[in-house]
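Only the coordinates and a few stated rules stand behind these numbers; no lab work does. What you are looking at is a predicted structure, and each value in this text was computed from that prediction instead of being measured. Note that we place each Cβ from the backbone using ideal geometry, even for glycine, and neighbour counts take in every protein chain shown.
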Amino acid sequence: MTQAHTPSDPEERAQIVFALRSCGITDPRVLEAVESVPRRLFIDRAFRARAAEDTPLPIACGQTISAPSVVGIMTQALAVTPRCKVLEIGAGSGYQTAILARLARRVYAVERHRPLARAARELIERELDLPNVTIMAGDGTLGLPDQAPFDRILLAAAAEDVPRDLMQQLRVGGIMVLPVGQSDDIQQLIRIEKTENGPVYSELSPVRFVPLLEGVAADLD
Ligand code: SAH
């Protein structure tokens with residue numbers, strides 16, 4: 001049997017940066033942030049040899065880690081600055097969370113599967129020097145009223161409509177990026193800028209995300 005070859009750190013970085021550049025990601029801060037977070041840390045051993053592939057991969061609780069190019073597109077569209085307080089809904093593996101934390105002043109991430117939230121928190125604490133991240137279990141459709149308002153909000157799960165609580169918790173002048181769609185097949189990644197005169201919407205690309213579900217999952221842990 002041939003042993004699956006796990007890409008080395010430089011190989012993984014080179015492949016991921018190539019995938020990002022191929023889909024128009026040019027922001028040097030975004031490229032640097034993605035390069036600084038090894039994707040393989042967030043992937044189960046069984047799939048680790050595929051860590052550099054530009055594709056979603058299974059993680060625990062039946063969820064997926066996003067494709068690097070999608071993480072790159074969302075991160076670039078969010079235009080995070082070092083002064084930003086960011087809310088992420090659907091932390092999953094914590095990969096996108098760690099990248100946001102390299103760019104922002106503070107990141108709060110909410111995940112409805114407790115085992116995923118715990119694993120992501122422990123991994124980031126153990127492997128990465130990111131004291132500005134808080135990952136918690138909860139229902140992200142409600143946002144995080146205690147920490148609002150946010151300068152940036154990123155959703156990694158598809159909503160049928162823009163969740164009202166999240167829109168309220170976005171600061172005027174803030175940006176939200178999220179997949180929106182009625183079905184599993186047809187979703188659009190959109191960017192919303194909340195201006196004094198109301199929200200301004202732009203479409204980024206067609207995508208496929210898991211649905212945004214209400215409530216905290218009843219996992220056995
Ligand atoms: N960017 C993440 C993607 C995870 S997939 C990564 O790369 O790992 C999307 C995640 O959204 C799933 O883990 C799912 O459990 C979570 N999710 C769905 N609905 C949610 C909700 N209402 N609140 C919090 N998390 C939610």
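For residue 205, what residues show an amide H to amide H distance below 5 Å, using hydrogens built from the backbone and excluding near sequence neighbours?
189
Against the longest principal axis of the chain, how steep is helix 68-78, in degrees 0 to 90 to the nearest 10, with axes from Cα atoms?
That helix lies at roughly 30 degrees to the long axis.
Show the residues, 5+ positions off or on another chain, whose built amide H is closer than 5 Å to the amide H of residue 136.
Long-range HN contacts for residue 136: 109, 110, 111.
Give a residue-ordered list of calculated ³J(HN,Hα) values for the range 142-149 (Karplus: 6.51 cos²θ - 1.76 cosθ + 1.60, θ = phi - 60°; whole Hz; x for Gly, Pro).
For the range 142-149, the Karplus-derived couplings read 8, x, 9, x, 4, 9, 5, x Hz, x marking Gly and Pro.
Suppose only helical runs count, i.e. DSSP H with n ≥ 4. What mean residue ellipticity at 222 nm does that imply for the chain under -39500 (n - 2.57) per run, divided by all residues and rounded to the nearest 500 deg cm²/dmol?
Result for the chain: -8500 deg cm²/dmol, rounded to the nearest 500.
Step through the residues of the range 88-94 one at a time and calculate ³J(HN,Hα) from phi using the Karplus curve (6.51 cos²θ - 1.76 cosθ + 1.60, θ = phi - 60°), rounding each to whole Hz and writing x for Gly and Pro.
Result, rounded to whole Hz: 10, 10, x, 5, x, 6, x.
Using a cut-off of 10 Å between beta-carbons, work out the net charge of the residues near residue 180 (Lys and Arg +1, Asp and Glu -1, residue 180 not included).
-3
What percent do you get for the relative contact order of the range 67-207 when only Cα pairs under 8 Å and 6+ apart count?
Computed value for the range 67-207: 20 percent relative contact order.
For a label point 7 Å from the Cα of residue 220 along Cα→C-beta, name the residues of the range 62-87 whose backbone N is under 19 Å from it.
Answer for this model: 62-63.
Quick check: pseudo-label points 7 Å beyond the Cα along Cα→Cβ at residue 47 and residue 11, how many nm apart are they?
Calculated label separation equals 1.9 nm.
When DSSP beta bridges are limited to those with both residues in the chain, what percentage is antiparallel, rounded to the nearest 5?
45 percent
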